[in-house]
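Below is one structure, written out as structure tokens; comments come after it.
The values are calculated or read from the model by the stated rules, or taken from the named source; none is laboratory data. Since this is a predicted model, take the numbers as computed values, not measurements. Positions of Cβ are backbone-derived with ideal geometry, glycine not excepted, and every protein chain shown enters the neighbour counts.
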Amino acid sequence: MFLLFTLPVMYLAVAVLDRPGTSWLMVALVIALHFLLEAAGLTPWPFVLGLGLLLVAAGLVLGPLRRPGVFALQVPALALFGGAGLLTLVVSPEAAVAVVAVGLLTHAAWDAVHWWSGKVISRSLAEWCMVYDTAVGATVLVILLIRAF
């Protein structure tokens, strides 16, 4: 579930900085933030989503998120993936796993958009995420389907 919250926040941070070269650094920082909050006994998702909202405000004020195309789509991406993450908190565990799997496959498509456009995040991160998100999302869906029969 934490990926549905952290992935769009990472992409927002890189978009606001407008420096694709910071992509892997943002991955490390946002994941570290998540695990540090968890280690401190705090529930990470409100903080990570709050950071996302701060990044949206900064990106709109500073301008990167007002650009057309992939930059402007970072805001609805946060709403989509963050909303999916929130959904996992209120549905059954089995449904939550399915939401995460579909969310990861959807994120793989979002990575393809980034890779194709060559904007916002580095191509290496887009490539890695496409493979990871597809492999994990598809594997989880296959396991769910096998368990259903």
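Numbers for the structure displayed
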read-out	value
Test: residue in region 79-101 that is touching a Gly at 6+ places or on another chain (Cβ under 7 Å) and at pLDDT below 95	yes
Pairs with Cβ under 8 Å, 6+ apart, first in region 113-137 and more than 18 Å from residue 84 (Cβ to Cβ), second among the hydrophobic types (A, V, I, L, M, F, W, C) and exposed (fewer than 15 other Cβ atoms within 10 Å of the Cβ)	none
Leading residue by the ranking (surrounded by the fewest Cβ atoms within 10 Å (Cβ to Cβ)) among those in region 67-76 that are in contact with a helix residue (DSSP H, G or I) (Cβ under 6 Å, 6 or more places away or on another chain) and assigned to a helix (DSSP H, G or I)	75
Failed criterion for residue 30 (all others in (1) modelled with pLDDT under 95; (2) more than 14 Å from the chain's Cα centre (by Cα); (3) of a type outside the set (Gly, Ala, Ser); (4) closer than 21 Å to residue 1 by Cα hold)	(2)
Yes/no for residue 60 being modelled with pLDDT under 95 and touching a helix residue (DSSP H, G or I) at 6+ places or on another chain (Cβ under 9 Å)	no
Residue in region 87-101 that is within 23 Å of residue 137 (Cα to Cα) and in contact with a Phe, Trp or Tyr (Cβ under 9 Å, 6 or more places away or on another chain) present	yes
Output for region 55-81, where each listed residue is farther than 12 Å from residue 113 by Cβ, within 18 Å of the chain's Cα centre (by Cα) and β-branched (Val, Ile, Thr)	56, 75
Residue satisfying condition, being within 18 Å of residue 47 (Cα to Cα), buried (at least 20 other Cβ atoms within 10 Å of the Cβ) and touching a helix residue (DSSP H, G or I) at 6+ places or on another chain (Cβ under 9 Å), within set 79, 108, 84	84
All positions within region 111-135 that are among the hydrophobic types (A, V, I, L, M, F, W, C) and either crowded, with 17+ Cβ neighbours inside 10 Å or in contact with a strand residue (DSSP E or B) (Cβ under 8 Å, 6 or more places away or on another chain) (or both)	115, 120, 121, 125, 126, 129, 130
